[in-house]
Amino acid sequence: MSGKAFSDIEFGEDLPAFKPDTSLANVTKFAKAVGMMTGRFTDHEAARKQGLPGAIVPGIMSQAMLAALVHRWAQNATIEKIDTIFRAPVLVDQEHAISGVVTDMDEDEHRIEIDLTLENAAGETRVLGTATVRLP
Amino acid sequence: MEIDELKRDWLDQDFDEMEFEAKAEEIVDFATASGETAPRFVDPSHPDFQAPPTFVTRFHGRRLLPEEFPKLGLPLDAGKAVIQKRPIRAGSRLLGRSHLHDIYEKTGRSGRMVFLVSRMELYEDGQLASIVDSRMVIREKPTG
Amino acid sequence: MILDLHAHSIKSDDGRAKVENYCQWIRKKELPIDGFVLTEHRQFDFESDYGPLAKEFDLRILKGSEVETDYGHVLVFGVSQPLVDAFDFASIRLPLHQVLEETERHGAIAVPCHPGRTRVGMCAHAEERGLVPGVRIVEVYNGGSRGSEDAAAHDLAEKNGYLGTGGSDAHIVSHIGRCATRFPGPVDDEATLVEALRSGGFEAVTWKSTS
């Protein structure tokens, strides 16, 4: 919840995991902010009619939540790159967890690499990615 | 359609250009809904108020693919990469230019798939501010 | 000796892990594996020399490939230039029987991986079109597969008398070593890996937290 310096970081360090708010109300708020007010994101019934198990979290919201993990851990972190792979749908109104871990450290550039994953309650990875982050 | 043919005909040609504006209210809603807590992303009165790095993914061009691109099937969102070159501030006006950056094929859980990487470069005052790579996957239509 | 037989580095289009970081991770997290095999998608990496890293971290870093066939994805161990010349590793339409025949002919070995996954694994294809003669080993633990998919792989192996391997299918650093294969003796290079796989006596192991 505060700023961090590169020297504070250790290879293999876990970022504190958080449970993202995947409630229908919050996903609808996000969808509205990004101009993606379609049933597959904001209406379980409409999503089911499209063959989905229920409303799903937009991919860009999952990615934004992964980025949020980094800033929640180090508020002063600058994400230079975040690369996200959407492996399976993230279902609205279901519990998920986001976690991250430091997997590379460039001492010269004060850059670190972080593995990021978003898992459902069954422990299945739905979204994964990596972030390149610079710290002072 | 052969991948080499698609690459030859469609890679690295701008197919869309559009202007966008980053609005403070949308930045705050985007940030708070995605779980950001850092004041520089959620408090418009913060002296360093800016959009979270992936905010630029909310900018959509007029089209996902070049107008005449072969209709291989329905493109699905397989992933996104964002490279941030400089912060996007409230009120920033951005020019987004899109081109197809990569095309490749592989097999996955959904069968044979064609991957298209559409790259949007966002410029502010002529300076590159962000790059968004949208990886789309098209499942091959069954034959026979 | 325990080796993770299925890992991807940044040499693969969807790999995001540097090999050095895999090594650091294994040592930092004290993972109970002695090394791993890089099985890059649709290619064999002749160029990279991981010898210095292997020495620095005291790990076996071997190379193989993951090719794509009409029965799903297949790991190939013991890749040589003549084998690469025998069929197109980059193709996503290889007939499995051809991969099995050519690997056999060139002293290599082919192991269908994540067979329980739909389309990219051989279970569903085998149900639809029958088994392909020549398969002796399949991957029964895959770090990226769901519990039900691993279970289907086990069933396939049991029903048909296949031996089973394990591999993480890691694409990011922190996924290395989730599954692996325990060998009764040392495996120091690609040739001894092929020998160890041919002689049997190995077992698949997993450290996945969910089933």
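Each value in this text was obtained by applying a stated rule to the coordinates, not by laboratory testing. All figures in this text were calculated on a predicted structure; none of them were measured in a lab. We place every Cβ from the backbone using ideal geometry, glycine too, and count neighbours over all the protein chains shown.
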If each residue's Cβ is checked for other Cβ atoms within 10 Å, how do B:HIS99, C:HIS6 rank with the fewest at the top? B:HIS99, C:HIS6
Does anyone have the angle between helix B:24-33 and the longest principal axis of chain B? Alpha-carbon axes, 0 to 90°, nearest 10? 70 degrees
Angle, helix A:24-33 long axis vs. longest principal axis of chain A, Cα atoms, 0 to 90°, nearest 10? 70 degrees
Please find, in a Gaussian network model of chain C (springs between Cα atoms separated by less than 10 Å), the residue of C:LEU62, C:LEU38, C:LEU53 whose mean-square fluctuation is greatest. C:LEU53
Normalising by the residue count of chain B, find the relative contact order in percent from Cα pairs under 8 Å and 6+ residues apart. 28 percent
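Counting only other chains, what is the mean number of Cβ atoms within 10 angstrom of the Cβ of each residue in peptide B:33-45? Before the final figure, lay out each step's value.
Numbers: counts 16, 18, 15, 9, 6, 11, 1, 3, 4, 0, 0, 0, 0.
Average neighbour count from other chains, rounded to a whole number: 6.
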Given a cut-off of under 8 Å on Cα pairs at least six residues apart, what relative contact order in percent is computed for chain A? 30 percent
Through the Karplus equation 6.51 cos²θ - 1.76 cosθ + 1.60, θ set to phi - 60°, convert the phi angles of region B:68-79 into ³J(HN,Hα) values in whole Hz; use x for Gly and Pro. 8, 4, x, 7, 8, x, 7, x, 10, 6, 9, x
Unit charges on C-beta of K, R, D, E only; dipole of the protein assembly as shown, Debye: 1260 debye
Among B:LEU100, B:LEU11, B:LEU116, the residue with the largest mean-square fluctuation in a Gaussian network model of chain B built from Cα contacts under 10 Å is B:LEU11
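Report the local net charge at C:VAL74: Lys and Arg +1, Asp and Glu -1, summed over other residues whose C-beta lies under 10 Å from its C-beta. Walk me through the numbers before you get to the answer.
On the way: positive: none; negative: C:GLU66, C:GLU68, C:GLU139.
Local charge sum for C:VAL74: -3.
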For the protein assembly as shown, give me the percentage of DSSP beta bridges that are antiparallel, rounded to the nearest 5 percent. 85 percent
Could you work out [θ]222 nm for chain C from helices alone, using -39500 (n - 2.57) per DSSP H run of at least four and dividing by all its residues? Round to the nearest 500 deg cm²/dmol. -9000 deg cm²/dmol
If you take every DSSP beta bridge whose two residues both sit in region C:2-206, what share of them, in percent to the nearest 5, is antiparallel? 50 percent
Long-range share for the protein assembly as shown, i.e. C-alpha pairs more than 43 Å apart as a percent of all pairs, stands at 17 percent
From phi via Karplus (6.51, -1.76, 1.60), per-residue ³J(HN,Hα) for region A:86-92 in Hz, x at Gly/Pro: 8, 8, 7, x, 9, 8, 5
Taking only DSSP H segments of four or more residues, each worth -39500 (n - 2.57), what value at 222 nm results for chain B once the sum is divided by all its residues, to the nearest 500 deg cm²/dmol? -4000 deg cm²/dmol
Taking every residue in C:87-96, how many Cβ atoms of other protein chains lie within 10 Å of its Cβ, on average? 1
Per-residue HN-Hα couplings for region B:46-60, Karplus 6.51 cos²θ - 1.76 cosθ + 1.60 at θ = phi - 60°, whole Hz, x for Gly and Pro? 5, x, 10, 4, 7, 7, x, x, 8, 3, 4, 5, 7, 8, 10
Rounded to the nearest 500, the 222 nm mean residue ellipticity computed for chain A from DSSP H runs (n ≥ 4, each -39500 (n - 2.57)) alone is -7000 deg cm²/dmol
Using Cα atoms only, what is the angle between the long axis of helix A:59-73 and the major principal axis of chain A, expressed in degrees (0 to 90) to the nearest 10? 30 degrees
Could you list which residues have their amide H under 5 Å from that of C:ILE2, counting only those 5 or more apart in sequence or on another chain, with H placed in the peptide plane? C:ASP34, C:PHE183
Ranked highest first by average number of other Cβ atoms within 10 Å, how do C:144-154, C:67-77, C:194-204 line up? C:67-77, C:144-154, C:194-204
For region A:59-122, the charge dipole (Cβ of Lys, Arg +1; Cβ of Asp, Glu -1; about the Cα centre) points to a positive end, and the Cα of A:VAL102, A:VAL70, A:ALA122 closest to that extreme belongs to A:ALA122
Between A:VAL90 and residues 5 or more places away or on another chain, the pairs with built amide H atoms under 5 Å apart involve A:VAL57
When only C-alpha pairs under 8 Å and at least 6 residues apart count, what is the relative contact order of region C:2-206, in percent? 23 percent
Dipole magnitude of chain B, debye to nearest 20 (Cβ charges: Lys/Arg +1, Asp/Glu -1, about Cα centre): 460 debye
Where the only charges are on Cβ atoms (+1 Lys, Arg; -1 Asp, Glu), what is the dipole of region C:40-136 about its Cα centre, to the nearest 20 debye? 280 debye
Segments C:165-174, B:86-95 sorted - mean Cβ within 10 Å per residue, highest first: C:165-174, B:86-95
Calculate the mean, over all residues of peptide C:115-123, of how many other protein chain Cβ atoms lie within 10 angstrom of the residue's Cβ. 2
